[in-house]
1. Restricting the search to region A:161-195, which residues are outside any helix (DSSP H, G or I) and either more than 7 Å from chain B (Cβ to nearest Cβ) or open to solvent by 10 Å² or more (accessible area, probe 1.4 Å) (or both)?
2. Taking B:Leu338 as the residue in question, decide whether it is open to solvent by less than 50 Å² (accessible area, probe 1.4 Å) and within 14 Å of chain A (Cβ to nearest Cβ).
3. Given the criterion within 14 Å of chain A (Cβ to nearest Cβ) and surrounded by fewer than 20 Cβ atoms within 10 Å (Cβ to Cβ), identify the matching residue among B:Leu220, B:Leu257, B:Leu215, B:Leu252.
4. I need the full set of residues from region B:1-24 which are of a type in the set (A, V, I, L, M) and touching a helix residue (DSSP H, G or I) at 6+ places or on another chain (Cβ under 7 Å), in order please.
5. Please work out which one of (1) buried (at least 22 other Cβ atoms within 10 Å of the Cβ); (2) touching a Leu at 6+ places or on another chain (Cβ under 8 Å); (3) of a type in the set (A, V, I, L, M, F, W, C) is the condition B:Val45 fails and give its number.
6. Consider region B:208-219. How many of its residues are within 21 Å of B:Arg120 (Cα to Cα) and free of Cβ contacts under 8 Å to residues at least 12 places away in the same chain?
7. Just one of A:Pro207, A:Pro218 is farther than 24 Å from A:Gly99 by Cβ, open to solvent by less than 60 Å² (accessible area, probe 1.4 Å) and more than 14 Å from chain B (Cβ to nearest Cβ); which is it?
8. If only one of B:Ala408, B:Ala369 is away from every other protein chain (no Cβ under 14 Å), closer than 30 Å to B:Thr289 by Cα and in contact (Cβ under 8 Å) with a residue 12 or more places away in the chain, which one is it?
Amino acid sequence: MTSSPPAGAGRHRGLLARLRRPTGAPRRRSRARRRLNAGIRLVAALVLAGGAYAAFAPGISSAEDTPQLSTAAKEGKALFDKSCISCHGPNAQGVTDRGPSLLGVGSAAVEFQVATGRMPMARQEAQAERKPPVFNDDQTRQLAAYIQELGGGPQLPGDVPAMLAGANTSKGGELYRINCASCHGFGGGGGALSSGKFAPSLMPASPAQIYGAMLTGPQNMPVFGDNQLSPQEKADVISYVVTLQQQKDPGGFNLGRFGPVTEGLAIFLVGMVALIFTALWIAGKS
Amino acid sequence: MITRRLYRSLDERVGSTPLLRKSLVKVFPDHWTFMFGEIALYSFVTLVLTGVFLTLFFEPSTAEQVYRGGYEALSGSRVSSAFASTVALSYDVRAGLLFRQAHHWSALLFVAAIVLHLSRIFFTGAFRRPREINWVVGVTMLALALLNGFTGYSMPDDLLSGIGLRIIYSVVLSIPVAGSWLAMLLFGGEFPTAQLLPRLYISHVLLVPAAFAALISVHLVIIVVQKHTQFPGPGRRDRNVVGSRFWPAYTLRSVSLLLGVLAVAFALGGLVQINPIWIYGPFNPAKATSPAQPDWYVAWGDGALRLFPPADFRIFGRLVPSPFWPSVGLGTITFLLLYAWPWLERWRTGDRAFHHVLERPRERPGRVAVGAYALTFFAVLLVAAADDIIARLTRVPVTALVTALRIAILVLPVAAAVIAYLITNALRRSTGSGVTELTREDMRAGLTPHRARHPAGREPPLVPPPDQVVQMWRNPAGTWRWRWRGPGEELLSNEAYLSRDEALTAARVAFAGVRLEQVRPPAGVPLPPPRHRHPAATRAAGVTGWLALFLLGRRRRPGPPDGPPAEPGEEPPEDPGERAREPAARE
């Protein structure tokens, strides 16, 4: 500190000294004075920084006192405090070993998890399963609004089904086979992952839910952000999945679209059994 | 009328009557398990019929093109010609999807029927002397069926089969020392290559089917020459065949079975979707899909690859990668054992005799145990190939499932073999006809091991059985017939004879050592007299024919085309020929 300060620091101190001491004459101060001065400056800087933070930061105290929530979010908070708080904690901050913090997950995640019935979970398990949703559409939107206003995060585009109008299904199929088929399967029927986890079937998923899943990466799914799959490409993929969902299998009964496993079962259980009965009928046991 | 004249003119030129007469009265034993081979044969017929249709539209090329066709979800994609033409077969060609699916279903059926046929042959001992050649031919056809099934599965160049080809490529690479060279040789470079598809195609539609046609012919000719085996039963001996004549009874059965196979293949092809490659999408090395399995008949290899632990060994300083053992290793051992089985069993039992009557499975508990081991082993492998689907449906973690299956592959086959041995051994000692009739005493008796050795090829001594008799009579038309009567059963000769001696010879060959008696003709319509020539003349003509052939052979040069080898009806005497008992010239 005392020995040869850098040039910049020296100039800085000189400036402050000039402000305080218009005479400008360099004069040696006592060591005690210098120390006192530094202490005062430190306290002042701390007060300044703290005050600025208190004024500009999204206030902790002010949020508790005067919640700046919209009407929908208030409704959502009421629902949250009733059904979600036990695992996700007050103000969605999360509870250790029970549920993660929801700050920053965005409304897209809430809409996906709640609309597909995955949340609220019935119990703690490897992976939440799709089931009939507990909340209706309005309540889902209110919950989403609450979480969105609480911590921000990704949001669904306004009208996902409308985006499908201009989608390129065959490009979506290409993207699906590159990005999705390795877990969800060629036919969208889902597949097994490690440790009892699984990629669910896409057959019951709505376009908005698929979009939400790609955007937020629920459970074991990776996030496909807008820099990986642009919104247009997401629409292409959704368009392909919708085609898979709606496709009437031209070949007849599809055996669950499991591929050769069920086909092999079918040839023994149906084809071979039919022919064995034919042979019994024709040749008998003489 | 026209048929008759046409046939006459044909007969005058090629002299087909003796052959036809012989083959039309050929006797085939009746049992439903004898139909598996025929199901396989007719599946092959279906495969050829539908396959010819498919070749008219399929393009075996990996040249890329932009898909424009009936399946909208692919419209505009760049796909290979092979894939595009297969999708076009499914969507744009009239009846194309029906034929594609019927072809694929009958391929699955073909191999299934072959495996059942093989199991029947195995468990009843039909591979024993003199039928080892046909066993070898049959096992070769099984191997060819697996090969052709896999090439057909791989040809559409879809994502699922592309994954399978990549696995095969890796399997070939895993062969020590020669692997990379073999892979280069087979695939024409590093996977994926453009050369592969034409190779798969030519082998699938020409080479292997031609080999099949040849082997099937050999298989059938050997059956005709050696006669079909029959199950033991009243009146059935190593020297006769009890069953229905080829014409009309057996022809009717066989044709109805052909129609049944066609019906099943086309019903499945029309009603149940198989190999929807438009859903799988075109192959691209960067893509993968799950679940991914091959067709059932190669899935055992997939299952073995999934179960085998990742263990690389070094043998003589050479790395043997872990995929080698469950794929090439297992396949080689399986087929070597299959090929060698008739000789292995002969070495074990010392039984070198000729057999034409089958064994019931219970007579050989050891063989049943080996068969049960093998079938259970491969069944567990098939289950293992589907582990991801099972994990998904049951929510059991894949890793836990693999561990369980690794234990199962070691334990279950042994357990199945032990249980099968005990049950067959108990059955052998019981008087019951089936598993349900086993008593506690039988099971206890079954616990003592089976030690009885085969009576080293000796036929049972010819003591006249007291409860059997062969009865002969003279028909009002002057011809002779006979029948065999045993306890509760009666077998009628299905040919009439011109003389008493002739009938006597036939009855003695078919039922040697059985008491003979002459009776009054029973009621019923007698057969018309046979139209073959007088035996003495036939014999003389036969001797002449043989003499002529012999002389021609001595000249060591192909004789003149008008050389008189044999006229119709001049066949060497192979009396008493083919009768209902088909007393064949067997020693």
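1. Keep residues of region A:161-195 that are outside any helix (DSSP H, G or I), which gives A:167-168, A:180, A:185-193.
The answer is A:Ala167, A:Asn168, A:Cys180, A:Gly188, A:Gly189, A:Ala192, A:Leu193.
2. Numbers: open to solvent by less than 50 Å² (accessible area, probe 1.4 Å): yes; within 14 Å of chain A (Cβ to nearest Cβ): no.
No; evaluated as a whole, the condition is false for this residue.
3. Values: B:Leu220 fails: within 14 Å of chain A (Cβ to nearest Cβ); B:Leu257 fails: surrounded by fewer than 20 Cβ atoms within 10 Å (Cβ to Cβ); B:Leu215 fails: within 14 Å of chain A (Cβ to nearest Cβ).
Residue meeting the stated conditions: B:Leu252.
4. First pass over region B:1-24, keeping only residues of a type in the set (A, V, I, L, M): B:1-2, B:6, B:10, B:14, B:19-20, B:24.
Scanning region B:1-24 gives a single hit, B:Leu24.
5. Among (1) buried (at least 22 other Cβ atoms within 10 Å of the Cβ); (2) touching a Leu at 6+ places or on another chain (Cβ under 8 Å); (3) of a type in the set (A, V, I, L, M, F, W, C), the lone unmet condition for B:Val45 is (1).
6. 1
7. Details: A:Pro218 fails: farther than 24 Å from A:Gly99 by Cβ.
Of A:Pro207, A:Pro218, the one residue that is farther than 24 Å from A:Gly99 by Cβ, open to solvent by less than 60 Å² (accessible area, probe 1.4 Å) and more than 14 Å from chain B (Cβ to nearest Cβ) is A:Pro207.
8. On the way: B:Ala369 fails: closer than 30 Å to B:Thr289 by Cα.
After applying the criteria, what remains is B:Ala408.
The values are calculated or read from the model by the stated rules, or taken from the named source; none is laboratory data. Please read all numbers here as calculations on a predicted model, not as lab measurements. All Cβ positions, even for glycine, are placed from backbone atoms using ideal geometry, and neighbour counts span all protein chains on display. Note: accessible area is taken over every heavy atom of the protein model, side chains too, but ligands, DNA and RNA are not part of it. Shrake-Rupley method; radii C 1.70, N 1.55, O 1.52, S 1.80 Å.
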